[in-house]
Amino acid sequence: MTRQPIQLAVILGSVRQGRFGPTVANWFARQAGERDDLTVDVIDLATAALPMTLPAFGTPPAPEAVLALRDLTPRLSAADAFVVVTPEYNHSFPAALKNVIDWHHQQWHAKPVGFVSYGGISGGLRAVEALRLVFAELHAVTVRETVSFHDAWRQFDADGSPLSPDACNRAAGSLLDQLTWWAHALRDAKRVAPYLG
């Protein structure tokens, strides 16, 4: 049986000036793009322009939010699975990442989420642990395997490739294997019965 490829959204969570995130996200997207069972959409939150002020419950969003959501929300809805690429800020994840999560709800339901993190000595893993709690509340399934880069700025060459490609590629492959298993399982389950979140 030929299965339809999984639509994977790779979310680049840092919007800080001079950020290292694009190096990590682009490498990971290349790894995912080499697989026949995935189609990849890289969502860079630096281009999303979502306001930080959410509307009151039951009221429509401001015009600038509507404009930002017009492009972003359909891409999140179309995804079967997500990989969040995040740094660690003060033992947690960036505000821009939480903002895009909070602007959406059903788009996360019954979908798997994987993590690629980077940072200093912790490799961003404390941000990942905090994100697992957030996504559990949104009825998403986080996978165990992660890819993390400790002292990330020393782990890539000038062309954006890891200095230890074999180990990094294996880690990315393990993460993607788990993610696609869950994505197929959850997509198939939702075809049998809609998820009631």
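The values are calculated or read from the model by the stated rules, or taken from the named source; none is laboratory data. Computed from a predicted structure; not experimentally measured. Cβ coordinates were reconstructed from backbone atoms using ideal geometry, including for glycine residues, and neighbour counts include every protein chain displayed. The area values use the complete protein model at the heavy-atom level, side chains included, leaving out ligands, DNA and RNA. Shrake-Rupley method; radii C 1.70, N 1.55, O 1.52, S 1.80 Å.
With both residues required to sit in segment 1-153, DSSP beta bridges show an antiparallel share near 5%. When DSSP beta bridges are restricted to pairs lying wholly in segment 88-178, around 20% turn out antiparallel.
Over segment 28-75, accessible surface divided per residue gives 63 Å², non-protein components excluded, 1.4 Å probe. The tail of the calculated P(r) for segment 53-113, taken as Cα-Cα distances beyond 15 Å, holds 59 percent of the pairs. Full extension of the chain segment joining T53 with R16 gains 11.4 nm, where the gain is 0.36 nm per residue of separation less the Cα-Cα distance.
Ranked by the mean number of other Cβ atoms within 10 Å per residue, highest first, peptides 58-64, 184-190, 129-135 order as 129-135, 184-190, 58-64.
Residues considered: A140, A167, A56. Largest GNM mean-square fluctuation over the chain, using C-alpha springs under 10 Å, is found at A56. Projecting label points 7 angstrom from Cα along Cα→Cβ for N26 and E137 puts them 3.5 nm apart.
May I ask you to compute the full-extension gain from A167 to D36, defined as 0.36 nm times their residue separation minus their alpha-carbon distance, rounded to one decimal in nm? Here the segment from A167 to D36 would lengthen by 45.0 nm. Computed packing ranks the peptides 153-163, 114-124 as 114-124, 153-163, most packed first, by mean other Cβ atoms within 10 Å.
Find the accessible area per residue for segment 130-177; the probe is 1.4 Å, ligands and nucleic acids are left out, and the unit is Å².
56
Using a 1.4 Å probe on the protein chains only, how many percent of the accessible area of the chain belongs to carbon and sulfur? Here it works out to 54 percent.
Subtracting the Cα-Cα distance of N90 and D44 from 0.36 nm times their residue separation leaves 14.4 nm of extension gain. If you take the alpha carbon atoms of segment 18-79 and fit the smallest convex hull around them, that volume is 101 Å³ per residue. Here the chain is assigned +1 on the Cβ of each Lys and Arg and -1 on the Cβ of each Asp and Glu. Its dipole about the Cα centre then comes out at about 340 debye.
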